[in-house]
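Trainee: What follows is a single structure, and I will ask about it in a moment.
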Amino acid sequence: MTGAGDWRFNRSLPDLDDLERVQIEEFQRFYYDLWRKGGGTYDVSWLGYQTVKTPNDLIVYQEILTQCRPELIVETGTRWGGSALFLASICDLLGSGRVVTVDVEKFENRPEHQRIEYIHGSSTDPAIFAAVKNYAEQSLSVMVILDSDHAEPHVSSELSMYASLVSVGQYLIVEDTNINGHPVRPEFGPGPWEAVERFLGLDGGFVRDSQRERFLVTASPGGFLFRQS
């Protein structure tokens, strides 16, 4: 197992000038808006199941799992199950790890995998959280991914609950911090980005790991949070 400071993962963001930053933001808006035409993240799959993730972020997830080796990965927002299957597949390759994934909807034909446990219900329902917490308490190390309702009050509620499950040396990843003008969908209103800002002001145990954004296109800018204490 490698540590968060391992030299293989201690890479910096590219040094960009102002014009390059503008060009990257324009591309991110273009790529994100492709979902309206069935493209973009909606055209990304893993073993035949839609992931609704950018390819860059999937590579980053693989790096994090390889580096940190969480025994349990908690995901809120299952959708079609593609991202859960991706995480379980990486766990297969690493020889350890399992996924507990929560969603209010029950989609048919989600992937079946021995490392995946599906829970049906709202991630902020106290009974659902208690069930997830039970899994976490039986695990030596826990990583959490929040990717359900993106409204700021809901994400803030998730953060107040699920952050406590994350082990020191593991990640809490908040998806879709790019909305509400960061840099996509400026009309959305307060969402994950604002929830993360508020959370970091209250909890000093987590820090942003910006080098997870070094591939430049990500759905989670400022959303890769490392638990240091």
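Readers should treat all values here as calculations from the given coordinates under stated rules, not as data from a laboratory. Just so it is clear, the structure is predicted and the values come from calculations on it, not from any experiment. Virtual Cβ from ideal backbone geometry, glycine too; neighbours counted across all protein chains shown.
Trainee: Report, ordered by chain and residue number, the lysines lying within cross-link reach of LYS37, taken as a straight Cα distance under 18 Å and ignoring same-chain residues fewer than 8 apart.
Mentor: Partners found: LYS53.
Trainee: If a/c stays under 1.5 just call it rounded; otherwise compare a/b with b/c (prolate if a/b is bigger, oblate if not). Do that for the stretch 150-203, with a ≥ b ≥ c from the square roots of the Cα gyration tensor eigenvalues.
Mentor: Prolate shape, in that a/c is at least 1.5 and a/b is the bigger ratio.
Trainee: Which ³J(HN,Hα) values, rounded to whole Hz and listed in residue order, are derived for the stretch 203-210 from phi using the Karplus coefficients 6.51, -1.76 and 1.60 in 6.51 cos²θ - 1.76 cosθ + 1.60 with θ = phi - 60°, glycine and proline given as x?
Mentor: Result, ordered by residue: 10, x, x, 10, 10, 6, 10, 5 Hz.
Trainee: Test of understanding: what is the full-extension gain from GLU112 to ALA151, defined as 0.36 nm times their sequence separation minus their Cα-Cα distance?
Mentor: 11.1 nm
Trainee: Treat each spin label as a single point 7 Å out from the Cα along the C-beta direction, and report the ASP15 to GLN211 distance in nm.
Mentor: Distance between the two pseudo-spin positions: 1.7 nm.
Trainee: Can I get the semi-axes of the chain's equivalent ellipsoid? Compute them from the C-alpha gyration tensor as square roots of 5 times the eigenvalues, in angstrom, largest first.
Mentor: 25, 21, 19
Trainee: Let me ask another. How much FRET efficiency would the formula 1/(1 + (r/R0)^6) give for LEU47 and LEU140, where r is the Cβ-Cβ distance and R0 is 41 Å, rounded to 0.05?
Mentor: Efficiency computed from Cβ-Cβ geometry: 0.90.
Trainee: Using the beta-carbon distance between ILE59 and ASP125 and R0 = 30 Å, what value does 1/(1 + (r/R0)^6) give for FRET efficiency, to the nearest 0.05?
Mentor: That pair, ILE59 with ASP125, gives E of 0.35.
Trainee: Starting from the Cα of THR66, step 7 Å along the direction of its Cβ; do the same at LEU34; then give the gap between the two resulting points in nm.
Mentor: 2.4 nm
Trainee: Using 0.36 nm per residue of separation minus the Cα-Cα distance, give me the extension gain between ASP203 and GLN228 in nm, one decimal.
Mentor: 7.9 nm
Trainee: Given the stretch 48-97 reduced to its alpha-carbon atoms as identical point scatterers, what log10 I(q)/I(0) does the Debye formula return at q = 0.14, 0.20 Å⁻¹?
Mentor: -0.31, -0.65
Trainee: Ordered by packing density, taken as the mean number of other Cβ atoms within 10 Å over each peptide's residues, highest first, how do 95-102, 189-196, 208-215 rank?
Mentor: 189-196, 95-102, 208-215
Trainee: Would you list GLU108, GLU117, GLU197 from fewest to most Cβ contacts within 10 Å?
Mentor: Least to most surrounded, the residues fall as GLU108, GLU197, GLU117.
Trainee: Let me ask you something else. Rounded to the nearest 0.05, what FRET efficiency do VAL168 and SER96 give with R0 = 22 Å and r taken as the Cβ-Cβ distance? Could you check?
Mentor: My answer for the efficiency is 0.75.
Trainee: Hey, fewest Cβ within 10 Å first, where do LEU94, LEU200 land in order?
Mentor: Fewest-to-most ranking of LEU94, LEU200: LEU94, LEU200.
Trainee: On to the next question. Given the stretch 15-227, what percent of its DSSP beta bridges are antiparallel, to the nearest 5?
Mentor: Counting only bridges with both partners in the stretch 15-227, antiparallel ones make up about 30 percent.
Trainee: Also: Normalised by the number of residues in the chain, what is the relative contact order in percent for Cα pairs under 8 Å and 6+ residues apart?
Mentor: 19 percent
Trainee: Pull up the cross-link candidates among the aspartates and glutamates for LYS133, meaning alpha carbon to alpha carbon under 19 Å and not fewer than 8 places away within one chain.
Mentor: GLU71, GLU75, ASP103, GLU117, ASP125, ASP147, GLU158
Trainee: Okay, helix-only estimate at 222 nm for the chain: each DSSP H run of n ≥ 4 adds -39500 (n - 2.57), divide by all residues, round to 500 deg cm²/dmol; what do you get?
Mentor: For the chain, the value works out to -10500 deg cm²/dmol.
Trainee: Sticking with this one: Between the stretch 92-144 and the stretch 41-75, how many Å separate their Cα centres?
Mentor: So the two Cα centres are separated by 15 Å.
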